[in-house]
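Scroll down for the structure; my scribbles are underneath it.
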Amino acid sequence: MSQSIERSAAELYANDPERADAVVLGRRRVLTGAGLAALGTALGAAMPFGRHLPAGMLPVALAQGKGPQFLDFPGKDKGLVVLGDRPLVAETPEHLLDDATTPVGKFFIRNNGQIPDDIANADAWTIRIDGEVNTPLELKLGDIKQRFQAQTHRMVLECGGNGRSFFSPPGRGNQWTNGGAGCAEWTGVALKDVLAAAGLKSEAKFTGSYGSDAHLSGDASKHAISRGNPIAKSLDPHSMIVWAMNGQPLTTIHGGPVRLIVPGWPGSLSTKWLNRVVVRATPHDGQGMGGTSYRVPVKPIVPGSNDDGKTFRDLESMPVRGIITNPANGARLPTGTRDLPLRGAAWGGDVGVGRVDVSIDFGQTWQQADTATPTNHYDWTRWTRTVKLPSDGYFELWVRATDRNGLAQPVVAPNWNPQGYGANPINRIAVLVG
Ligand SMILES: Nc1nc2c(c(=O)[nH]1)N[C@H]1C(S)=C(S)[C@@H](COP(=O)(O)O)O[C@H]1N2
Ligand SMILES: [Mo]
């Protein structure tokens, strides 16, 4: 076998999909021992629906590159996968998102700068509200808790780059699979109530926000990140200033003592260690705004091309996504398993989920899943579906969510862009029966 095949199956599929198919599936598009041996893989079984595998599509079981680096961080599940350690970024494999409410220990971590030290007196933390307001405010967290109506909602927080690793060629940045998302119960006050207390001027069209984390370089004149959005999103009753997650004080790693949650939009708007909200007449110009940052093409561009992003639009509502949370990708199931209960979650930015379908035959046929009603807007939709397997062998289980506007997840990541935002292809997992 040629050396190039041994480098990695993923590379072979990327460079020469026809040859890859020939090696893996053979002319009859049935997995052969020779194909397996050539790739040194763990497929290890017949692929009953192999003839339906789209030409040139890498089987999921061959997609793993180098082994994952698991997270070792106080209070965090050891199954989280580190995507970067400076700044610290870790994602949650799909099978750890099997809870209706994501435990704090399983919640993904995304930092852009240095993680601040723990704060002793949370209630003394101060947030400034200024800019296009009648009365600029300096509010202590303790005062915010007293003065405004507290509320709790279970809502998805999702990184704008979630799914990035599915782009080809790869987008720049952390190579998220589907694990840059979680759904927690957030307790706090509506941002709109706090803005109303300051009094919005007629010029108030946008907001920007700042957190206290230092830039990685240590340069005090720079912010790690500072993003903003049109004022309408800040006035959404679900956009909140929060101090508790799943009923516990917000931990430092998740922005404690206090952060924003701007649900349904890129997670980067949900500023951690929040110390200032500025109301503006013009779009915010902080770190992470403009150019290709959190922006996507209005007209598709050639994958891999250079583009300064000037004609792009800001990524706002996140696209719909579904995941399979049980069984786990790579699960080995007992010989003779025929009824296989699948479980998962789906969510879709501001729009929410209309339906969820699963396929066991590479998308030839789809079966609609049962969906539970979300507890409130921005909660995710949990789904279940039992599928019948025809035999032992290697199967891929696919899930495809469709949002309430009828937009379904594509099979491959759409609308390539240099920094890799908005990749929401269907979730595919592999199981081996027998
Ligand atoms: N101050 C500050 N806020 C921030 C960030 C950051 O680096 N600094 N990262 C943002 C990004 S990109 C995401 S996806 C979410 C991640 O929140 P989490 O780490 O609690 O999961 O926080 C956002 N808020
Ligand atoms: Mo993010």
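The values are calculated or read from the model by the stated rules, or taken from the named source; none is laboratory data. This is a predicted model, so every value here is computed, not measured. In this analysis, Cβ positions are derived from the backbone assuming ideal geometry, glycine residues included, and neighbour counts consider all displayed protein chains. These area figures cover heavy atoms from the full protein model, side chains too; ligands, DNA and RNA do not enter into them. Shrake-Rupley method; radii C 1.70, N 1.55, O 1.52, S 1.80 Å.
Summary of values
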item	result
So Gln69, is it modelled with pLDDT under 80 and not assigned by TED's automatic domain parsing to the domain that holds Ser359	no
Scope segment 158-183; condition out of contact with any Phe, Trp or Tyr (no Cβ under 7 Å at 6 or more places or on another chain), away from ligand 2 (no atom under 12 Å from the Cβ), closer than 28 Å to Asp99 by Cα and polar (S, T, N, Q); matching residues	Gln175, Thr177, Asn178
Hits in segment 347-384 - residues which are under 21 Å from Gly163 (Cβ atoms), among the acidic types (Asp, Glu) and open to solvent by less than 40 Å² (accessible area, probe 1.4 Å)	Asp357, Asp379
Count of segment 184-216 residues which are farther than 25 Å from Gly288 by Cα and hydroxyl-bearing (Ser, Thr, Tyr)	2
Listing of strands (runs of 3 or more DSSP E) fully contained in segment 228-327 that carry 3 or more residues being outside the structural domain of Ser212 (by TED's automatic domain parsing) and closer than 26 Å to Gly179 by Cβ	321-326
Residue match in segment 56-74 (condition: touching a residue at least 24 places away in the same chain (Cβ under 8 Å) and charged (D, E, K, R))	no
Per-region count, segment 119-166, residues assigned to a loop (DSSP other than H, G, I, E, B), closer than 25 Å to Arg382 by Cβ and more than 15 Å from ligand 1 (Cβ to nearest atom)	0
Residue within segment 211-225 that is among the hydroxyl-bearing types (Ser, Thr, Tyr), more than 15 Å from ligand 1 (Cβ to nearest atom) and in the same structural domain as Gln149 (by TED's automatic domain parsing) present	yes
Number of the condition not met by Asn111 [criteria: (1) away from ligand 1 (no atom under 16 Å from the Cβ); (2) over 21 Å from Trp380 (Cβ atoms)]	(1)
Residue list for segment 103-157, filter: closer than 30 Å to Phe70 by Cβ and away from ligand 2 (no atom under 16 Å from the Cβ)	Pro103, Val104, Gly105, Lys106, Gln114, Pro116, Asp117, Asp118, Ile119, Arg154
Tabulated pairs, segment 148-162, first under 20 Å from Pro266 (Cα atoms) and hydrophobic (A, V, I, L, M, F, W, C), second assigned to a strand (DSSP E or B) and more than 16 Å from ligand 2 (Cβ to nearest atom), C-beta under 8 angstrom, 6+ apart or interchain	Met155/Trp186
Where a residue in segment 209-232 is on the phi < 0 side of the Ramachandran plot and its partner, wherever it lies, is open to solvent by 40 Å² or more (accessible area, probe 1.4 Å) and among the charged types (D, E, K, R), with Cβ under 6 Å and at least six apart	Tyr210/Arg276; His215/Lys222; Ile231/Lys205
Hits in segment 15-56 - residues which are touching a Pro at 6+ places or on another chain (Cβ under 8 Å) and at pLDDT 80 or above	Met47, Pro48, Leu53, Ala55, Gly56
Top-ranked residue of segment 188-227 - restricted to ones that are basic (Lys, Arg) and in a loop (DSSP other than H, G, I, E, B), ranked as farthest from the chain's Cα centre (by Cα)	Lys201
Filtered residue count, segment 44-101, keeping only those that are closer than 30 Å to Asp361 by Cα and not in a strand (DSSP E or B)	36
Qualifying residues in segment 245-279 (those that are of a type in the set (Gly, Ala, Ser) and within 9 Å of ligand 1 (Cβ to nearest atom)) - the one farthest from the chain's Cα centre (by Cα)	Gly255
Residue check for Gly131: within 29 Å of the chain's Cα centre (by Cα), at positive phi and open to solvent by less than 60 Å² (accessible area, probe 1.4 Å)	no
